[in-house]
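Notes follow the structure.
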Amino acid sequence: MPAWFTPDRETWLFRVNPALKFMIFVLLLLITLFTRNLPFVSWLAVLFGILLYGFSGYPIRKLVLLSIPLVISFASSAFTMMLFGKGDAVLWQWGILKISEESIQHGLLLGTKSLTFGLVGFTFLLTVQPVLFFYAMMQQYRLPSKYAYSFIASIRLLPLVVEEIHVRTNALKVRGITFSRGMKGLGERIQAYTVPLFAQSIRRAQRIAIAMEAKQYQMGAARTYYYPTSYSRIDVVFIGVVVVSVAGVMLLAFGMN
Amino acid sequence: MKKLTFTDLLITIMVGVVFGILMKFWDDLYTVVKPMMPVARQLLYGMWFMNGVFAFLLIRKPGVALIASIAGAGLSAFIGHGLEVLIYGFAQGLAAELLFAAFRYRKFSMIIAGLGGILSCAASFGLDMFYGYADLETWALVVKYGLRAISAFIFTGVFAVLIVRALEATGVTQSIRPVAKEEYSLLDR
Amino acid sequence: METLISHQREAALSMTNLRLKFPGEDSLLFKDLSFSVNKGEKVLLLGPSGCGKSTLLQVASGIVPNSFELPMKAEKLELPDSWGFVFQDPDTQFCMPYVDEELAFVLENLNVPRQDMTALIVAALERVGLHLPDIHTPILELSQGMKQRLALASVLLMEPEVLFLDEPSALLDPEGTDQIWTSIQAATAEQTVVIVEHKIEQIAEWIDRVVLFTDDGAILADGPPDSIFKDYKEELIRYGIWYPGVWDDYLDSKAFKTLSENRSSISSVEVLHAEEFNGYRGKKSVIHMPNASISQGSWVTILGENGSGKSSLLLSLMQLLKTSGSLHVNGKQVVQKKRRRTLPAGLSLVFQNPELQFVTNTIVEELTISLQGMSSMGAVSHAEEMIELFNLPVSGNRHPYQLSVGQKRRLSVATALTSSIDILLLDEPTFGQDARNTFAILEKLESLRRNGMTIVMVTHDLNIASNFATDCWKVADGKLVSCTRQGGVADARLVYT
Ligand SMILES: Nc1ncnc2c1ncn2[C@@H]1O[C@H](COP(=O)(O)OP(=O)(O)OP(=O)(O)O)[C@@H](O)[C@H]1O
Ligand SMILES: Nc1ncnc2c1ncn2[C@@H]1O[C@H](COP(=O)(O)OP(=O)(O)OP(=O)(O)O)[C@@H](O)[C@H]1O
Ligand SMILES: [Mg+2]
Ligand SMILES: [Mg+2]
């Protein structure tokens, strides 16, 4: 992972078993997905906001930067639904645009949901190492190794694309290939880079797969793990924190009406 | 039909992951455009259906469209889209996969690819209804999903096909696709 | 052709009447090839570059068609269950980003308990002489020769019954070559080993059997090494295959005599001068040149151990790495900008990894793209000449990646010979070549040199250094430590003692 994605300090969230963390977050997301209760979803969003800002170990500056798209996405899903959504209790109408009580309700709900999804996603991504996550998925939840290694390899291929761009730039330079100026040159450049980059990534993926099989990797065979993962006391703490705070959120949301 | 080898699987998932990342960037563009230009944003939507169709056109094996679609959605779910994307990915991939299966994985034309996109689009419409994204006035509904279907066709039937053709020129597809039966019969000459 | 003994022993692998072709190609690569290896045998496959040796190893291991489908069929195909493979191209054989993870992956597949892993990894690296400060080093940061050692380490860890080695020492320094063969011999006393290798001096003693291939993938001869090298000498020469003593024969040949008789003298014009010049990877200086200069028309060979900084030296001269210090090319100071560096005019480079050179989709395009000044007729005839000279497949429409490693190497060298340049930098241009093509490349370079081109070439082949070069540079531990004029045999040998 690039240096930008290393936290200032590793909080307790990092030590939670990554696969367990994933499962719990998935559960929370499912709950969010199936509720249509605005206060509940809003409080959940607040909860995840606290988790992300308070316990991910990243400086506020980076977190704010990351949150910008989340806010935009909140606003855009909310407004579209408000302006075009169905509803009978019309508050305001202008041509095809119509705002009704229902559409406001609905818009806010959608917006808050997408905000929650974003916050949970970042909290997970920022506090987990992809490789360890897949190792844990294999060890704790019996994810077939063929999927785990395919994902590990694919994610690791991504930084290599940057390397590939570099290689290609060098090759084009050394071979004395020049581009026109202006828009035409831009077009030529895009052509000289994109398709070869794609082809190279596919070729690399194929080679990696062949190399893995040549190292006697067999789909479905028993194996040991270089990075062992297991459950620990911190996982119990984590589950406890989640249960208590979700209960709290429910109380806040449903206890008030 | 040939089963997926580990090589096929790895390439499929890599294609999915790459599309997952592309979709994230696409989505940022999309969210900016969304409130401002409702028509343009629907025309950008086809990108979401490209993943599975592209993977299938590339590798031409059963299961590829579905797996790539899930892998891409799974990744983009966690880089900021939320879990529902995963369900969408599954439904869209499945729709395209069923279409290709109906043609016994032997047709790769623009029409079939485009149809794959349109079916994915239909699947996503089904889910939209379920989640309440489709609670729109009828006229808005028709315009929105009509434009979206056109966009689906353009992205999968035109763009995906063109990119795959460009890749064919680099020779890379030859080594990852199943070998044609005729090639085997040429061995007996 | 089977001997009496082989009837009694059990076969480790065997195939009968194998037919194989590449999709889209008209002709078969193998037509009714039968081949078998007995348990415990050490077999060397010898043949001209492009005859199908690598492909045969891949069939024999089951990589083709299990991981990679090619149209093929065979009457009988018995393949080993437990095997290891060292690939010809160092960049194609790793699946993990770090050295320790790569080796651990092998151990994971073998179900080795975690607590034993680290010790095994360290021991394996020791065995192949890959000394790293930290085993958690990115593989990307290893030199090509270091990667080849790592590949071998992971195969040795597997302790397979059958070992397939596809030119494991092509990129190694002489010391490394010895070391590798010693450890392979020690580790595989009982095992079956199938080797493809051009550098055969070190192993001629050790192998039991040589299988000789013709241009078109047929078996020409099969037998113990001594008799093959004696009885088939004429064919070995005809097909341009290495055999022990080939260099001596070449040096005695008419071709070389005429070449060396009237070697033009080197002019006194200085075309390149470097002073307190450094090349960096990241913040680290990987090559330091205190003071060096090159005269026009000279042929400089750069020698040095794996990972000492030879490739980095060429890349730095070419301004593809970040550099500092003073560098003059053709009398002009090279400006070292931080970003968007431009290449010094008149300089060109052939990368160590041939694949890095290619920018187009076909062989012919590859050969003609840099000839912008030439008419298209001229360009095409130039391409044809190169295809002929370097023995490349005649259908020039194939993608450069669809070639054997040796062919890729030759194509990448050929692409650099097309443009009008003053100084040509080459990074191991003859690795993985058969004898005929090695000499073809060297003779072509020599003729260019006579026409005024200056050649700077990294190599591990001391024969080249002593018979073709006019200057010999030595690199050690990231520093250019000596520059000697007229590198004779004695000078070249000094480097590795
Ligand atoms: N993808 C491909 N499509 C068509 N032809 C190919 C492809 N790959 C390799 N070939 C051809 O098949 C032949 C055998 O290749 P192979 O790599 O087995 O040769 P080799 O004997 O190992 O040569 P070298 O000593 O140069 O490594 C070569 O002539 C090569 O041009
Ligand atoms: N991409 C890279 N990033 C960081 N360090 C690198 C990279 N490539 C090489 N190095 C390091 O730089 C040093 C010199 O490497 P270089 O490739 O120049 O060696 P070399 O002399 O060409 O070796 P070989 O004979 O094996 O090709 C080595 O110690 C190597 O580990
Ligand atoms: Mg080969
Ligand atoms: Mg090197």
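Looking at (1) within 10 Å of ligand 2 (Cβ to nearest atom); (2) closer than 30 Å to C:Leu79 by Cβ, which is the only condition C:Ala170 fails?
(1)
Of everything in the range C:35-81, what is more than 16 Å from ligand 3 (Cβ to nearest atom), over 19 Å from B:Thr7 (Cα atoms) and part of a loop (DSSP other than H, G, I, E, B)? Give them in sequence order.
C:Lys39, C:Gly40, C:Glu41, C:Ala74, C:Glu75, C:Leu79, C:Pro80, C:Asp81
Residue pairs, Cβ under 9 Å, 6 or more apart or interchain, first in the range A:217-239 and over 15 Å from A:Ile24 (Cβ atoms), second loosely packed, with under 12 Cβ neighbours inside 10 Å. List them.
Final answer for the pair search is A:Ala221/C:Asn111; A:Ala222/C:Asn111; A:Arg223/C:Asn111; A:Thr224/C:Asn111; A:Thr224/C:Pro113.
Show the residue pairs that are 6+ apart or on different chains and have beta-carbon atoms under 7 Å apart, the first residue being within the range C:300-316 and within 14 Å of another protein chain (Cβ to nearest Cβ), the second being within 8 Å of ligand 4 (Cβ to nearest atom).
So the pair list comes out as C:Ser311/C:Ser143; C:Ser311/C:Gln352; C:Ser311/C:Asp427; C:Ser311/C:Val458; C:Leu314/C:Asp427; C:Leu314/C:Val458.
What are the residue pairs meeting all of these: first residue in the range C:412-438, first residue free of Cβ contacts under 8 Å to residues at least 24 places away in the same chain, second residue within 16 Å of ligand 4 (Cβ to nearest atom) and of a type in the set (S, T, N, Q), Cβ atoms under 6 Å, and 6 or more apart or on different chains?
If the second residue must be within 16 Å of ligand 4 (Cβ to nearest atom) and of a type in the set (S, T, N, Q), the pairs left are C:Thr438/C:Thr430.
For residues that are in a helix (DSSP H, G or I) and within 14 Å of chain C (Cβ to nearest Cβ), tally how many sit in the range B:129-184.
14
Looking only at residues in the range C:155-211 that are within 16 Å of ligand 4 (Cβ to nearest atom) and not in a loop (DSSP other than H, G, I, E, B), which one is surrounded by the most Cβ atoms within 10 Å (Cβ to Cβ)?
Ranking the qualifying residues of the range C:155-211, first place goes to C:Gly176.
Can you pull out the helices (runs of 4 or more DSSP H) entirely within the range A:1-114 that have at least 1 residues that are hydroxyl-bearing (Ser, Thr, Tyr)?
Because the criterion is at least 1 residues that are hydroxyl-bearing (Ser, Thr, Tyr), the helices (runs of 4 or more DSSP H) in the range A:1-114 that meet it are A:18-34, A:38-55, A:60-84.
Could you list, in sequence order, all residues of the range C:82-106 that are in a helix (DSSP H, G or I) and more than 7 Å from every other protein chain (Cβ to nearest Cβ)?
Scanning the range C:82-106 gives C:Pro90, C:Asp91, C:Val99, C:Asp100, C:Glu102, C:Leu103.
Filter the range C:82-112 down to residues that are away from ligand 3 (no atom under 16 Å from the Cβ) and among the hydroxyl-bearing types (Ser, Thr, Tyr) and give me whichever is farthest from C:Gly40 (Cα to Cα).
That would be C:Tyr98.
What are the residues in the range C:120-138 that are surrounded by fewer than 19 Cβ atoms within 10 Å (Cβ to Cβ) and either among the small types (Gly, Ala, Ser) or touching a residue at least 24 places away in the same chain (Cβ under 8 Å) (or both), if any?
Listed by number, the residues that qualify are C:Leu120, C:Ala123, C:Leu132, C:Ile135, C:His136, C:Thr137, C:Pro138.
Which of the residues that make up the range A:98-149 are within 10 Å of chain B (Cβ to nearest Cβ) and of a type in the set (Lys, Arg)?
Within the range A:98-149, A:Lys98, A:Lys113, A:Lys146 qualify.
Which ones in the range C:212-234 are among the hydroxyl-bearing types (Ser, Thr, Tyr) and assigned to a loop (DSSP other than H, G, I, E, B)?
Within the range C:212-234, C:Thr214, C:Tyr232 meet the criteria.
Taking A:Tyr231, is it at pLDDT 90 or above, under 27 Å from A:Met23 (Cβ atoms) and either away from chain C (no Cβ under 11 Å) or in a helix (DSSP H, G or I) (or both)?
So A:Tyr231 fits the description; yes.
Per-residue answers, yes or no, for (1) modelled with pLDDT of 95 or more; (2) in contact with a helix residue (DSSP H, G or I) (Cβ under 7 Å, 6 or more places away or on another chain); (3) more than 27 Å from A:Ile68 (Cα to Cα); (4) among the β-branched types (Val, Ile, Thr):
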| position | (1), (2), (3), (4) |
| --- | --- |
| B:Asp28 | no, yes, no, no |
| B:Ile59 | no, yes, yes, yes |
| B:Gly72 | no, yes, no, no |
| B:Gly89 | no, yes, no, no |
| B:Leu94 | yes, yes, yes, no |
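Just checking, which of C:Leu79, C:Leu45 is in contact (Cβ under 8 Å) with a residue 12 or more places away in the chain, touching a Gly at 6+ places or on another chain (Cβ under 9 Å) and hydrophobic (A, V, I, L, M, F, W, C)?
None of the other options fit; the residue is C:Leu79.
The values are calculated or read from the model by the stated rules, or taken from the named source; none is laboratory data. All values derive from a computational prediction rather than experimental measurement. All Cβ positions, even for glycine, are placed from backbone atoms using ideal geometry, and neighbour counts span all protein chains on display.
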